[in-house]
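Engineer: Sending over a structure as structure tokens; questions will come in a sec.
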Amino acid sequence: MKKIALIIMAVLSVGLTNAQTSVAGVTLPNSETYQGQTLQLNGAGVREKLWIDLYAGGLYLTNKSSNAASIVAANEPMSIKLHIVSKLITSDKMIEAVNDGFENSTKGNTKPLADKIEKFKSFFSQEIKKNEIFDIVYLPQSGVTVYKNDKEVGTIEGLEFKKALFGIWLSNRPADDDLKEAMLGK
């Protein structure tokens, strides 16, 4: 009987550990639900700069995909989770990185989205601390909603904005090539 109990406990503990993925010393859930829409972790990795881990990033989709262009173009529910792992990330540095990311993902054509980009940058205006979590969620019916530590910060409508935003991590000029590959599950 003891052996059966130990086997059952081992099987259950394996099932529980598979509910999360460890990246850069933090755990990301393998699934998330927003407004009744369940998304699965497609892939996760680390944003690094000069060999310093800045944040763990996870891409969540309804169906797994390794095709960056189709993910960016898709008008489907998806999200990106950013778990800050460094004290070096500040509000100013995050806004600067977002500026660079939009420039790269739009090939320098940010003017049509300028107002939406400014609004998005304002979501990072409050102090950012290590271990804070940002969820950037796209739902076709409402647009991109940003959550900081599970509290809604704001929403920006529009598929074109979503394409530019997700392009920060998944375009041909991503914020971090290794993070892009990891988010794509490669």
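The values are calculated or read from the model by the stated rules, or taken from the named source; none is laboratory data. Predicted model, so just to flag it, every value in this text is computed and none were measured. Every residue, glycine among them, receives a Cβ derived from its backbone with ideal geometry; neighbour counts consider all protein chains shown. Surface accessibility is based on the protein's heavy atoms, side chains included, excluding ligands, DNA and RNA. Shrake-Rupley method; radii C 1.70, N 1.55, O 1.52, S 1.80 Å.
Engineer: Run down 76, 96 and say which single residue is of a type outside the set (S, T, N, Q) and either closer than 22 Å to residue 27 by Cα or not in a loop (DSSP other than H, G, I, E, B) (or both).
Structural biologist: Going through 76, 96 in turn, just one is of a type outside the set (S, T, N, Q) and either closer than 22 Å to residue 27 by Cα or not in a loop (DSSP other than H, G, I, E, B) (or both): 96.
Engineer: Scan 122, 86 and give me the residue that is among the small types (Gly, Ala, Ser), in contact with a strand residue (DSSP E or B) (Cβ under 8 Å, 6 or more places away or on another chain) and more than 28 Å from residue 186 (Cβ to Cβ).
Structural biologist: The unique qualifying residue is 122.
Engineer: Next question, about the same structure. Taking the residues in segment 1-57 that are closer than 20 Å to residue 131 by Cβ and among the β-branched types (Val, Ile, Thr) as candidates, determine which candidate is modelled with the lowest pLDDT.
Structural biologist: In this case the residue turns out to be 23.
Engineer: Return yes or no: is residue 134 surrounded by 20 or more Cβ atoms within 10 Å (Cβ to Cβ), aromatic (Phe, Trp, Tyr) and part of a helix (DSSP H, G or I)?
Structural biologist: For residue 134, the condition - surrounded by 20 or more Cβ atoms within 10 Å (Cβ to Cβ), aromatic (Phe, Trp, Tyr) and part of a helix (DSSP H, G or I) - is not met.
Engineer: Could you say which residue among 162, 148, 180 is open to solvent by less than 50 Å² (accessible area, probe 1.4 Å) and touching a Pro at 6+ places or on another chain (Cβ under 6 Å)?
Structural biologist: None of the others qualify; the one that does is 180.
Yes/no matrix, rows are residues, columns are (1) part of a strand (DSSP E or B); (2) open to solvent by less than 70 Å² (accessible area, probe 1.4 Å); (3) at positive phi:
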residue: 33; (1), (2), (3): yes, no, no
residue: 45; (1), (2), (3): yes, yes, no
residue: 57; (1), (2), (3): yes, yes, no
residue: 63; (1), (2), (3): no, no, no
residue: 66; (1), (2), (3): no, yes, no
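Engineer: Return a yes/no flag: does segment 86-93 have any residue that is closer than 21 Å to residue 144 by Cα and either under 11 Å from the mean Cα position of the chain (by Cα) or not in a loop (DSSP other than H, G, I, E, B) (or both).
Structural biologist: Among the residues of segment 86-93, at least one is closer than 21 Å to residue 144 by Cα and either under 11 Å from the mean Cα position of the chain (by Cα) or not in a loop (DSSP other than H, G, I, E, B) (or both), which makes the answer yes.
Engineer: Quick one: residue 134 ticks every box in (1) out of contact with any Leu (no Cβ under 6 Å at 6 or more places or on another chain); (2) under 24 Å from residue 25 (Cα atoms) bar one, so which box is it?
Structural biologist: Only one criterion in (1) out of contact with any Leu (no Cβ under 6 Å at 6 or more places or on another chain); (2) under 24 Å from residue 25 (Cα atoms) is unmet by residue 134, namely (1).
Engineer: Can you tell me which residue in segment 93-117 is surrounded by the fewest Cβ atoms within 10 Å (Cβ to Cβ), limited to those that are without any contact (Cβ under 8 Å) to a residue 60 or more places away in the chain and more than 16 Å from residue 163 (Cα to Cα)?
Structural biologist: Going through the qualifying residues, I end up with 96.
Engineer: On the basis of being outside any strand (DSSP E or B), within 24 Å of residue 28 (Cβ to Cβ) and either touching a strand residue (DSSP E or B) at 6+ places or on another chain (Cβ under 9 Å) or among the hydrophobic types (A, V, I, L, M, F, W, C) (or both), does residue 128 make the cut?
Structural biologist: In short, yes.
Engineer: Are there any pairs, at least 6 apart or on different chains, whose C-beta atoms fall under 9 Å, with the first in segment 152-179 and of a type in the set (S, T, N, Q) and the second in a strand (DSSP E or B), and if so, which?
Structural biologist: From residues that are of a type in the set (S, T, N, Q), the pairs are 155/143; 155/144; 155/145; 155/146.
Engineer: In segment 68-92, what residues are β-branched (Val, Ile, Thr) and open to solvent by 20 Å² or more (accessible area, probe 1.4 Å)?
Structural biologist: Answer for segment 68-92, where residues must be β-branched (Val, Ile, Thr) and open to solvent by 20 Å² or more (accessible area, probe 1.4 Å): 72, 85, 90.
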